[in-house]
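Chemist: The structure under discussion is supplied below as structure tokens; questions concerning it will follow.
The values are calculated or read from the model by the stated rules, or taken from the named source; none is laboratory data. Just so you know, these numbers come straight off a predicted model, no measurement behind them. Here the Cβ positions follow ideal geometry from the backbone for every residue, glycine too, while neighbour counts run over all protein chains shown. Only protein heavy atoms, including side chains, enter the accessible area calculation; ligands, DNA and RNA are left aside. Shrake-Rupley method; radii C 1.70, N 1.55, O 1.52, S 1.80 Å.
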Amino acid sequence: MAGAVLNDKPATAARAATQARPSRTRKQHRENTSYGLQSQWQCLPDRTLLNFDRKGWVLTTGLLQQQQLQRVQACVEQVVQERKLDSLRHRVRVLCPGHKSQPGSITSAEQAQELIQQHGSSQLGFLQFFNLHRTQTIIAELVRSQQLAATAAQLLGVKKLRLYQDCVFLKEPGFAETNWHSDLRMAPLDCNAFVTAWVPLRPISGAEGDSGLLFAEGSHRDFALPFWHDLRDRDLADRQYKLQDTGGRSWWSQCIVHLATWTSF
């Protein structure tokens, strides 16, 4: 569970999933699993657990060392430069499903972006780089961090976790807004105990044009919303959600509705 941000622009996330949640109370869970949370790992207060259950997301501080994140950032920047064209080819496959061009025939970033602009079902909102922990030791140390695992286990109320993936999200200047969506419906998992750890590697100001995440608090309980409504370009004002912007290291339920705004610098 981890991610990153590059240079001036991006934000990132990684996802972890568990396939079952024990049928026991939160108090029983804390008593039964406290032995697994060593003293050096942060034990989340009840207020944080309650907020996660009610709102669908929480901010956390002090889980990771800045020196470690700086090493991760340097590693991610290098990988992105090496794999950026492959990521653009991936976005062409996703956004231009009816186009006949083979991904291997795309030889430049300019060509890929032109194809998306002309034939894409939506604008280019981000690039993705999947599962860097499989090839990058520095990323693996972050993704498999015991501190992150202990936090995820407490939020989900489980003893064991299974890592689904890590994914770097790169959002460059000029990239479009990402529409309202929830992540669980896009994961190939028959599972509800699923949490994302979002780890930006640079401060996000929250100013217009500096893309962060916007959560519709409590929407993780609104099962009717994605069932009956198309969330693309939808105004959620009628649901009376509190819309909360965050640029920090956060955790969220895979059912919560969220978006990422456009970027200008």
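Chemist: Tell me which residues come under 5 Å, amide H to amide H, from residue 175 once H is placed; ignore anything under 5 positions away on its chain.
Modeler: Those lying under 5 Å, H to H, from residue 175 are 263.
Chemist: Once label points are set 7 Å from the Cα along Cα→Cβ at both residue 78 and residue 238, what is their separation, rounded to one decimal in nm?
Modeler: A separation of 5.2 nm, rounded to one decimal place.
Chemist: So, by mean Cβ neighbours within 10 angstrom, what's the order for 252-259, 220-227, 48-55 with the highest one leading?
Modeler: Descending packing order for the listed peptides: 252-259, 48-55, 220-227.
Chemist: If N is the number of residues in region 108-265, what value comes out of its Cα radius of gyration divided by 2.2 N^0.38 Å?
Modeler: 1.11
Chemist: Got a number for the accessible area of residue 43? Probe 1.4 Å, square angstrom, nearest 10.
Modeler: For residue 43, solvent-accessible area is about 80 Å².
Chemist: Can I ask one more? Check each of the trypsin sites (Lys or Arg not before Pro) in region 94-163 and keep only those in coil by DSSP with at most 10 other C-beta atoms within 10 angstrom; list them in order.
Modeler: 100
Chemist: Same structure, new question: Less than 12 Å Cβ to Cβ from residue 221, Lys/Arg counted +1 and Asp/Glu -1: what total charge do the surrounding residues give? The partial results should precede the final answer.
Modeler: Details: positive: 54, 55, 239; negative: 53, 217, 222.
Spelling it out: positives minus negatives among the neighbours equals 0.
Chemist: Out of residues 5 or more away from residue 202 or on other chains, whose amide H comes under 5 Å of its own, with H placed 1.01 Å from N in the peptide plane?
Modeler: 5
Chemist: Along the charge dipole of region 174-265, pointing to its positive end and built from +1/-1 on Cβ of Lys, Arg, Asp and Glu, which listed residue (192, 181, 243) has its Cα farthest out?
Modeler: 192
Chemist: Might you tell me the accessible area per residue for region 48-118, computed with a 1.4 Å probe and given in Å²?
Modeler: Value returned for region 48-118: 59 Å² of accessible area per residue.
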